[in-house]
Amino acid sequence: MSSIGPEYVHFPMNNAVCFLAVALVFYLSSATATALADARKAATAYANGDYPSALTAWGSLAADGDPQAQFNLGICYYNGQGTSKDLAQAHRWFERAAEAGNSGAQFNLAVMYRRGEGVPQSDRDAIQWYRRAAEQGNDDAQSNLGFMYFSGTGMPANHAAAYMWFTIAAVRGNKDAAENRDRLELEMSATDVEKGRKLARECAAQGYKGC
């Protein structure tokens, strides 16, 4: 029997994924023409490998409170793109973006706390940020939250809850979650599987809140 796969700790920091994350976002109508121009300048510079220019442009937007720019700035500091690698600064900008509701930043913070990168290792904080990202529909966070319930990391093990989160993430297209759900099902009773499915339906109906 295949065992449950390890916690999915993909950190969206490689260049290919990072480029998708920093693709030009559409600003609300209240955004200024200057901010939009800076966002375009940053995205173009990053795509061309001109990380110092991207860092400068995002730095200005991030200082003005733009969550996407804060997230992108965190990526640059984490990777050392356009600047020296600085996990403390990466954490700082991810945290600001996360507090503003950026689910990618919330996910990245959770991984940093799980790994103890730039911050003291804390499963409790990791769970908090995974949950906040999961509540916004971030399937990677949902999958990792499922693994933490399965393994009893930072909380009592709960296979029904693990099955719930794996199922929710799988429905959203997360292949790792789908594989873990199917493997976990082989270890559960029919009653517990049905309980997990019921929890997944209820959680989805609640918009992933309070699950």
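What to note about this one:
- Taking 7 Å steps out from each Cα toward its Cβ at Asp192 and Lys85 produces label points 4.0 nm apart.
- Computed from Cα atoms, the angle from the helix 159-171 axis to the main principal axis of the chain rounds to 50 degrees.
- Tilt relative to the chain, helix 67-79 - C-alpha long axis, 0 to 90 degrees, to 10: 90 degrees
- Helix 33-47 and the longest principal axis of the C-alpha atoms of the chain enclose an angle of approximately 70°.
- Over every Cα atom in the range 126-205, the radius of gyration and the widest Cα-Cα span, Dmax, amount to 11.1, 31 Å.
- Unit charges on C-beta of K, R, D, E only; dipole of the range 126-205, Debye: 200 debye
- Anchor Lys175: aspartates and glutamates whose Cα lies under 12 Å away (excluding residues fewer than 8 positions away in-chain): Asp139, Asp140
- Label sites at Asn48 and Arg115, each approximated as a point 7 angstrom past Cα along Cα to Cβ, lie 3.0 nm apart.
- Helical runs (DSSP H, four residues minimum) scored at -39500 (n - 2.57) apiece and divided by the length of the chain put the mean residue ellipticity at 222 nm at -21000 deg cm²/dmol.
- Using the Cβ-Cβ distance between Gln206 and Thr32 with R0 = 45 Å, the FRET efficiency computed as 1/(1 + (r/R0)^6) comes to roughly 0.75.
- Note on the chain: with charges restricted to the Cβ of Lys and Arg (+1) and Asp and Glu (-1), its dipole about the Cα centre is near 180 debye.
- Three-way shape label, the range 82-143, alpha-carbon gyration tensor, a/c 1.5: oblate
- Within the set (1) 231; (2) 156; (3) 117, the number that volume of the Cα convex hull per residue in Å³ takes when calculated for this structure is listed as (3).
- For the chain, averaging the sequence separation of C-alpha pairs within contact (under 8 Å, six or more residues apart) and dividing by the residue count gives a relative contact order of 14 percent.
- √(5λ) per eigenvalue of the Cα gyration tensor, the range 57-102, largest first, Å: 16, 11, 7
- Extending 7 Å from the Cα toward the beta-carbon at both Arg40 and Glu179 defines two label points whose distance is 4.2 nm.
Just so you know, all these numbers are worked out from the coordinates, no wet-lab data involved. It should be emphasised that the depicted structure is a prediction, and the values quoted were computed from it without experimental measurement. Every residue, glycine as well, gets a Cβ built from its backbone with ideal geometry; the counts of neighbours run over all protein chains shown.
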